[in-house]
Every structure is written in structure tokens, then in C-alpha cells.
1. Using Cα-Cα distances under 8 Å and only pairs 6 or more residues apart, what relative contact order does the chain have, in percent?
2. Distances longer than 32 Å among the Cα atoms of the chain: what percent of all pairs is that?
3. As a test of the formula, what do you get for the chain when each DSSP H run with n ≥ 4 contributes -39,500 (n - 2.57) and the sum is divided by the residue count, at 222 nm and rounded to the nearest 500 deg cm²/dmol?
4. Stick to Cα atoms and the Kirkwood definition of Rh, then tell me Rg/Rh for segment 117-240.
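Nothing in this text is a laboratory measurement; each read-out follows from the coordinates by a stated rule. Everything quoted here is computed from the prediction, not taken from an experiment.
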């Protein structure tokens, strides 16, 4: 019973951060869950929770979704994940994690410090960042940061940024679940934990969405960069 209570606490945190920012389920939830359950159970469990919270957020923001913005990301993601799996087999995973963490931290600091010189995504950048997301998802299980960086480079409002991230997740996450199921990671234990904690995830997601509605446009973008820096730090910590 104590295990279930701790899992539900972590899942509420996952939902809260996902509802507020639109991302951060894996890199925030996974480090917490591995203190409670085995990592082979935690990884597919976080993926299932991510898929569920994405569905809730996509439903809330559906009117802001433009599939033309998501399509290039997915088209780049598919070949990227195949290469990422190959990289995972040939390159030291910790090196990739440290490199990703450094990029996230420096990009966040740059964006917070030099607002007037904010970087803009190049023409066709959706394909490139989708490809990068696929490579990172296949290699280290963290494709989200590449998509978050890409959307933060766009002159979009916070609703379009958040819903585009969810549009990408709603397609890419099931692909990940298929791979995990094929590897035998979606067990009865995983499904049991998922079903027990699902109502708590929904509660946390709605609470985070309520807080999101209180956040102003500029504050939301700053929040994204702050969380990117945190994710970068967590990624480096996990690697070391």
C-alpha cells in the first residue's frame, strides 16, 4: 500500500507539471519513480502516463492545433528514431546525455538573457528538429527537448506552442509504446500501477492546466526556458 501511495504522489507531480508546461513527464517523473519501483517498470509506466496526459491536454487545446505544424516534426521523427536506436547500440549513452544536458542549459540561458536576439528556426526546421527528436528518443529516451526548443523559436502564442508539443506527442508516444510492448516491457504490473494511478494523473493534469491559465504569455515562455535548464541539469546528473 505504501508503494501505491508513493506512486500516486509522483504521478500527481507528473500531471501537475505536464498540465502547466505541456512536457516534462519523463525527465521529471522517471528519476522519482526509480526510487520506488524497478526502472524496467518505471519507463513504460511514464510513457503510458505521458500518453494519457497528452490526450487530456490535446482535448483542452484542440482548437489551436494545426497539423501542418506537426507533420514535419513527425516525418523527421520516424527516420530519426531508427538511427537513434542504432546510436544507442554503438555510442556511450552517458556521453549523449551529457551533451544534450549542456545544449539545453546553454540554450535556456541564452534565451533568458538575450531576449532581443532570440534564435529563430531555419526554413524546414520542423523536419530537422523532428529528426533530432527521433534520434534522441531512440538513443536516450528523451525526444521532447528538441521539440520544445523548436516551438520556443516560433512566434507563436502559448496555446499554439503547448498544443503543437501535444500534437507531436500524441503520435510519437504510441510509436514508443509499440516498441516497448514488442520488447515485453508492458507487463501486468505496469498496467496495474497505471490503472490505479490514472485518476490521480487526471487530477494533477487539470490542476496544472488551471495554473497554466493564470500564467501570462511572456511568463509562460520564461517558464519553458527555466524548465529546459532544469531538464538539462537532471539529464547530466542521470548520466554522471
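1. In percent, rounded to a whole number, it is 40.
2. It works out to 14 percent of all Cα pairs.
3. After summing the helix terms and dividing by residue count, I get -28000 deg cm²/dmol.
4. For segment 117-240, the value is 0.99.
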